[in-house]
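Peer 1: Below: one structure in structure tokens.
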Amino acid sequence: MNIPKFKLPALVSRIGGRLPQWPHSVTLIAGLNAAVKMKLLPQDSLDLLEGRTFFVEVLDTGGKANFTYRNGLFRPLFTAPATPDLSFRANLSAFMQMIARQEDPDTLFFNRELSIEGDTELGLVVKNMLDAVEWPQMPKVPGLSH
């Protein structure tokens, strides 16, 4: 499946930015914790995340997620830290392309489609951890082309 580069209309971001943001954090950490439980994320890298705070913003949806990693689990932060240890900002299409491994974080960063701010060493740990993940293959659905 090829995910095209797109940007949602500004109205989506204006509305999304006014909605409660905690569901984004809860949903994101549920996915991250599933990856932890499935042992998709290397434990040595996870250990380096202990007590660190993260911020993810999907620019064209207005969605923001704040979370931390503590005692072996990702946990939502319902109050945004003044300065998170690591922040990621991009439009929805860039995050989707990265998750689908259609684009790597370096390419998105150098094309100014992904903003990464904060602790450089922590950013490299997260990038290398995500690059090392062997995502399970989804079964093909008959009648759908990929």
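Peer 1: It is to be established whether one or more residues within the stretch 112-135 are touching a Leu at 6+ places or on another chain (Cβ under 8 Å), of a type in the set (D, E, K, R) and modelled with pLDDT under 95.
Peer 2: Looking for residues that are touching a Leu at 6+ places or on another chain (Cβ under 8 Å), of a type in the set (D, E, K, R) and modelled with pLDDT under 95, one finds at least one in the stretch 112-135, hence yes.
Peer 1: Return only the number of the condition from (1) under 29 Å from LYS7 (Cβ atoms); (2) loosely packed, with under 15 Cβ neighbours inside 10 Å that GLN21 does not satisfy.
Peer 2: Result: GLN21 fails condition (2) only.
Peer 1: Then there is this: Kindly list the number of the only condition in (1) within 23 Å of ASN2 (Cα to Cα); (2) out of contact with any strand residue (DSSP E or B) (no Cβ under 9 Å at 6 or more places or on another chain); (3) not basic (Lys, Arg) that fails for ALA90.
Peer 2: Unmet for ALA90, out of (1) within 23 Å of ASN2 (Cα to Cα); (2) out of contact with any strand residue (DSSP E or B) (no Cβ under 9 Å at 6 or more places or on another chain); (3) not basic (Lys, Arg): (2).
Peer 1: Can I ask one more? Under 6 Å by Cβ, and 6 or more places apart or on different chains, what pairs join a residue from the stretch 17-34 that is in contact (Cβ under 8 Å) with a residue 24 or more places away in the chain with one that is among the aromatic types (Phe, Trp, Tyr)?
Peer 2: Pairs found: TRP22/PHE78; SER25/PHE67; ILE29/PHE67; ILE29/PHE74; LEU32/PHE74; ASN33/PHE74.
Peer 1: Which of the numbered conditions does MET98 fail, given that it passes all the others? Conditions: (1) under 18 Å from LEU122 (Cβ atoms); (2) more than 15 Å from the chain's Cα centre (by Cα); (3) at pLDDT below 95.
Peer 2: That leaves (2) as the condition not met.
Peer 1: Across the stretch 15-66, what is the number of residues that are basic (Lys, Arg) and over 16 Å from VAL126 (Cα atoms)?
Peer 2: 3
Peer 1: How do the helices (runs of 4 or more DSSP H) wholly within the stretch 1-59 filter down when requiring 2 or more residues that are modelled with pLDDT under 95 and within 19 Å of PHE88 (Cα to Cα): which remain?
Peer 2: Helices (runs of 4 or more DSSP H) meeting the threshold: 22-37.
Peer 1: To continue, here is another question. Look through GLY51, GLY123 and report the one residue that is crowded, with 18+ Cβ neighbours inside 10 Å and small (Gly, Ala, Ser).
Peer 2: Checking each option against the conditions leaves just GLY123.
The values are calculated or read from the model by the stated rules, or taken from the named source; none is laboratory data. Every value quoted in this text rests on a predicted model; they were computed, and no experiment measured them. All Cβ positions, glycine included, derive from the backbone under ideal geometry; neighbour counts span all protein chains shown.
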